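**Student:** Can you read through this structure? Questions will come right after.
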Amino acid sequence: MTGIRLFVGLGNPGNEYARTRHNAGFWFLDALAEHLGARLGTDSKLQSENGKATLAGQAIWLLKPNTFMNKSGQAVVAAQRYFKIAPEETLLAHDDLDLPPGTSRLKFDGGHGGQNGLRDTIAHLGNGCFYRLRLGIGHPGHKDQVTPWVLGRPGKDDEDLIRSSIARSLSIAADLATGEFEKAMRLLHTAK
């Protein structure tokens, strides 16, 4: 079985967004790059920061789109084409309003759930046949508060919970690279 060859973190570039909830996907990708000792470089033709690494004996690519969240699909699809990576060999890590902070879930296929980076990627691909690492950021309680919530910084307790879910997610990265998806889901979804 083919594993994940392209790990993508969704977020918005720039220091003003770096610590916002919407950048949880970037937090994951930065943590994965650090864990693997990989360096990310800016690549204008792929509209991203990207780098190559080895994980569980597999060559993988790491990608952070520089396109802003709403245009993430441009960079994701450009990288898939350039590196000849199929959608089902791709994982998008992203913030998720429907999960509480500290929770992370692995999922394949489906809709965008209102997440604009997923929405744009699905629009560019014409389908949702890729893996998602859903990083819970919680919900502000009312839909009118969603935009300031996702573009705001979490409090210390919530940030610690989000970062702990990212650390647990790193522990299944090797399983993702080798295609052990059921094992990865079981470990992640039962982790305390």
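**Student:** Just give me the residues in the stretch 93-149 being more than 24 Å from P13 (Cα to Cα), among the charged types (D, E, K, R) and either open to solvent by less than 20 Å² (accessible area, probe 1.4 Å) or part of a loop (DSSP other than H, G, I, E, B) (or both), in sequence order.
**Tutor:** Selection gives D109 alone.
**Student:** So L187 passes all but one of these: (1) outside any helix (DSSP H, G or I); (2) at pLDDT below 95. Which condition number does it fail?
**Tutor:** With (1) outside any helix (DSSP H, G or I); (2) at pLDDT below 95 applied to L187, the lone miss is (1).
**Student:** Identify all residues within the stretch 141-156 that are farther than 16 Å from A93 by Cα and in contact (Cβ under 8 Å) with a residue 12 or more places away in the chain; write none if there are none. Before the answer, list the steps.
**Tutor:** Restricting attention to the stretch 141-156, the residues satisfying the condition of being farther than 16 Å from A93 by Cα are 141-149, 151-156.
Residues satisfying the conditions are V146, W149, L151, G152, R153, P154.
**Student:** What are the residue pairs meeting all of these: first residue in the stretch 174-185, first residue of a type in the set (D, E), second residue at pLDDT 95 or above, Cβ atoms under 6 Å, and 6 or more apart or on different chains?
**Tutor:** Matching pairs, first to second residue: D175/K183; D175/A184.
**Student:** I've got another one for you. So which residues in the stretch 156-167 are open to solvent by 70 Å² or more (accessible area, probe 1.4 Å) and hydrophobic (A, V, I, L, M, F, W, C)?
**Tutor:** L161
**Student:** Give the residues of the stretch 39-76 that are in contact with a Pro (Cβ under 9 Å, 6 or more places away or on another chain) and either among the basic types (K, R) or open to solvent by 10 Å² or more (accessible area, probe 1.4 Å) (or both), sorted by residue number.
**Tutor:** Result: Q47, E49, K64, N66, T67, F68, K71, Q74.
**Student:** A further question follows. Quick test of your reading of the structure: P87 fulfils all but one of (1) more than 23 Å from G37 (Cα to Cα); (2) free of Cβ contacts under 8 Å to residues at least 24 places away in the same chain. Name the failing condition by number.
**Tutor:** Among (1) more than 23 Å from G37 (Cα to Cα); (2) free of Cβ contacts under 8 Å to residues at least 24 places away in the same chain, the lone unmet condition for P87 is (2).
**Student:** Of the numbered conditions (1) assigned to a loop (DSSP other than H, G, I, E, B); (2) of a type outside the set (G, A, S); (3) open to solvent by less than 70 Å² (accessible area, probe 1.4 Å); (4) touching a Lys or Arg at 6+ places or on another chain (Cβ under 9 Å), R153 fails exactly one; give the number of that condition.
**Tutor:** Going through (1) assigned to a loop (DSSP other than H, G, I, E, B); (2) of a type outside the set (G, A, S); (3) open to solvent by less than 70 Å² (accessible area, probe 1.4 Å); (4) touching a Lys or Arg at 6+ places or on another chain (Cβ under 9 Å) one by one, R153 breaks only (3).
**Student:** Any chance the stretch 168-178 includes a residue that's closer than 14 Å to F7 by Cα and surrounded by fewer than 17 Cβ atoms within 10 Å (Cβ to Cβ)? Full working, then the answer.
**Tutor:** Residues of the stretch 168-178 closer than 14 Å to F7 by Cα: 169-170, 172-178.
Pick out the ones that are also surrounded by fewer than 17 Cβ atoms within 10 Å (Cβ to Cβ) and you get 170, 174.
Looking for residues that are closer than 14 Å to F7 by Cα and surrounded by fewer than 17 Cβ atoms within 10 Å (Cβ to Cβ), one finds at least one in the stretch 168-178, hence yes.
**Student:** Also, I was wondering about something else. Out of the residues in the stretch 1-38 meeting the condition of being under 14 Å from E49 (Cα atoms), part of a loop (DSSP other than H, G, I, E, B) and in contact with a Gly (Cβ under 6 Å, 6 or more places away or on another chain), tell me which one is most open to solvent (accessible area, probe 1.4 Å).
**Tutor:** If we take residues in the stretch 1-38 being under 14 Å from E49 (Cα atoms), part of a loop (DSSP other than H, G, I, E, B) and in contact with a Gly (Cβ under 6 Å, 6 or more places away or on another chain), then A38 is most open to solvent (accessible area, probe 1.4 Å).
The values are calculated or read from the model by the stated rules, or taken from the named source; none is laboratory data. Bear in mind that the values here come from a model prediction, so they are computed numbers and not experimental data. Positions of Cβ are generated from backbone atoms using ideal geometry, with glycine treated the same way; all protein chains shown enter the neighbour counts. Side chains included, ligands, DNA and RNA excluded: accessible areas come from the protein's heavy atoms. Shrake-Rupley method; radii C 1.70, N 1.55, O 1.52, S 1.80 Å.
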